[in-house]
Amino acid sequence: MNKIDRIPDTKQKWFKEAKYGLFIHWGLYSILGGEYKGQKTDYISEWIMNSLDIPVDEYEKLAEQFDPVNFDADKLVKRAKEEWGMKYIVFTSKHHEGFAMYKSEVSSYNVVDATPCHRDILKELAEACRKYDMKLGLYYSQSQDWDDPNGYISKSNGHEATNREEKKISDFQKYLDEKVKSQLKEILTNYGDICLIWFDTPMDMTVEQSQECIDTVKKIQPNCLISGRIGNQLGDYMTIGDNYLPRLPLDGDWEMPATLNDTWGYSKFDHNWKSPEDIIRLLIKIVSRGGNYLLNIGPKADGSIPEESCRVLNVVGKYLKENGEGIYGTKKTPVYPYELDWAEFTCREHKLYVHVLKPRKRLELLNCANHVTRAVLLKDGRRLDVVCDMTCEGDAVVIIDIPNELREEKNYCVCLELEEETAIFDPIRG
Ligand code: H79
């Protein structure tokens, strides 16, 4: 079978069940917050070095300002786990800018050697993750590196990068051999269990070069997963395009990386925050289509988390606390034949979860042909009246009465216990 046709399967229960992870984009770009010398970037803020063509030696000086006095790894991981309901964290150990957020022996362009704070941020995070039993994955930009003369640099911003010369591909191999593989070894050796390496933007990497990265990872931590963006369809799971939600359920293991506003790194200017309702709906859609939602925060340079992010994540976390049974460990869900604005569905064996996202007096599931033995409100375990019926037109319908005091409420979940193993949605008949 062609690799391309392979259904990605991590064979790892935790990944299949996790459903919700926290992406953290933090680096020197966080200091700029989308603005350099009075010039704002129109693009995602972590790309500012590239988009504004900041010369390497100027950009490197930013490290002298990095002193995150308000970064508290323990508090962040505890929050992610207990308040926000995330099951794993993915942290930028090195983004395209080339700066390592951990103590590297390979390059002194790292957070311990090049900054006044001398703190190994990754170590702090890894210790907190161990303490709270949180899985930790690491973003590592294996191909673009705007600091290393042999790393790729994207020229897709419509103009040639002025601070770099055209490079031969043979030089990329040198960068791969000398920086990437050595740094991968460091992050996989010195920080305990790493659940995945989040490779990104493979550019023109060859099959062999992708495989070399994979071999480097697996030799040290065989259970460490490889993101889809290692390139050449060699990842352990599929990584969907940034902020692109698949319209239909997808077979196999996949993950959608996404932002809360329109940038990954911190930006002073981006106030386009999604609402908690947007995020809850996206989470349920992603989960019902079989994927994991990797949702991003971009800490400020001082290590604090933007207040707006926390506000949204807190509300989503509350939904998960009350209704997590309808999210974690659920399975790809059959496509319900109608577009409803008030409900989304998830499922597991013998259970169909109706996530109610707008106020309703009653839930009518036209064309749902299951025999429902019980309907339970997840947040308090109370039983709701349910009838499996037939409409005047002869279609199957399941009707759940919503008690008076809940009729103005939204964002709750009803579990339907089914005689059948799966949800049965009849096709639309005229
Ligand atoms: O880490 C985040 C992004 O920085 C990274 N992937 C997520 C998880 C990413 N790398 N590349 N891309 C996203 C594609 C980026 C394309 C663009 Fe641009 C960057 C569009 C706007 C800025 C390059 C520069 C193309 C146009 C201008």
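Tell me yes or no: at least one residue of the stretch 124-142 is closer than 22 Å to G231 by Cα, modelled with pLDDT under 95, touching a helix residue (DSSP H, G or I) at 6+ places or on another chain (Cβ under 7 Å) and not in a loop (DSSP other than H, G, I, E, B). No: the stretch 124-142 contains no residue that is closer than 22 Å to G231 by Cα, modelled with pLDDT under 95, touching a helix residue (DSSP H, G or I) at 6+ places or on another chain (Cβ under 7 Å) and not in a loop (DSSP other than H, G, I, E, B). Among the numbered conditions (1) hydroxyl-bearing (S, T, Y); (2) surrounded by 19 or more Cβ atoms within 10 Å (Cβ to Cβ); (3) part of a helix (DSSP H, G or I), the only one that Y191 does not meet is (3).
Every residue, every condition in (1) modelled with pLDDT under 95; (2) of a type in the set (D, E, K, R); (3) in contact with a Phe, Trp or Tyr (Cβ under 9 Å, 6 or more places away or on another chain), yes or no:
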position	(1), (2), (3)
Y244	no, no, no
R247	no, yes, no
E255	no, yes, yes
N261	no, no, yes
F269	no, no, no
N272	no, no, no
L295	no, no, yes
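Pairing residues of the stretch 35-58 that are on the phi > 0 side of the Ramachandran plot with residues that are near the ligand (Cβ under 8 Å from one of its atoms), at Cβ distances under 9 Å and at least 6 apart in sequence or on separate chains, gives D53/N157. Of the residues in the stretch 304-321, not one is farther than 30 Å from G265 by Cα and either at pLDDT 95 or above or over 21 Å from the mean Cα position of the chain (by Cα) (or both). Within the stretch 119-150, the set of residues being out of contact with any Phe, Trp or Tyr (no Cβ under 7 Å at 6 or more places or on another chain) and either under 22 Å from W47 (Cβ atoms) or within 16 Å of the ligand (Cβ to nearest atom) (or both) comprises S141, W146, P149. The number of residues in the stretch 232-254 that are polar (S, T, N, Q) and assigned to a strand (DSSP E or B) comes to 1.
Taking helices (runs of 4 or more DSSP H) as the structural unit, those lying wholly within the stretch 1-118 and holding at least 3 residues that are open to solvent by 20 Å² or more (accessible area, probe 1.4 Å) and away from the ligand (no atom under 16 Å from the Cβ) correspond to 13-18, 56-60, 73-78. Going through (1) in contact (Cβ under 8 Å) with a residue 60 or more places away in the chain; (2) more than 17 Å from E322 (Cβ to Cβ); (3) of a type outside the set (S, T, N, Q) one by one, I399 falls short only on (1). All of (1) under 24 Å from Y237 (Cβ atoms); (2) outside the structural domain of R407 (by TED's automatic domain parsing) hold for Y319 with one exception: (1).
The residues of the stretch 398-430 that are surrounded by 17 or more Cβ atoms within 10 Å (Cβ to Cβ) and assigned to a strand (DSSP E or B), listed by number, are V398, I399, I400, Y412, C413, V414, C415, L416, L418, F425. What about I197, is it under 17 Å from the mean Cα position of the chain (by Cα), within 15 Å of the ligand (Cβ to nearest atom), of a type in the set (V, I, T) and assigned by TED's automatic domain parsing to the domain that holds L122? Here the answer is yes, as I197 does meet what is asked. Tallying residues that are open to solvent by less than 60 Å² (accessible area, probe 1.4 Å) and closer than 16 Å to A375 by Cα within the stretch 320-343 yields 3.
Can you name every residue in the stretch 245-296 that is acidic (D, E) and crowded, with 24+ Cβ neighbours inside 10 Å?
Just the residues of the stretch 245-296 that are acidic (D, E), to begin with: 251, 253, 255, 262, 270, 277-278.
Across the stretch 245-296, the qualifying residue is only E255.
The values are calculated or read from the model by the stated rules, or taken from the named source; none is laboratory data. Every value quoted in this text rests on a predicted model; they were computed, and no experiment measured them. Note that we place each Cβ from the backbone using ideal geometry, even for glycine, and neighbour counts take in every protein chain shown. Calculation scope for accessible area: heavy atoms of the full protein, side chains included, ligands and nucleic acids excluded. Shrake-Rupley method; radii C 1.70, N 1.55, O 1.52, S 1.80 Å.
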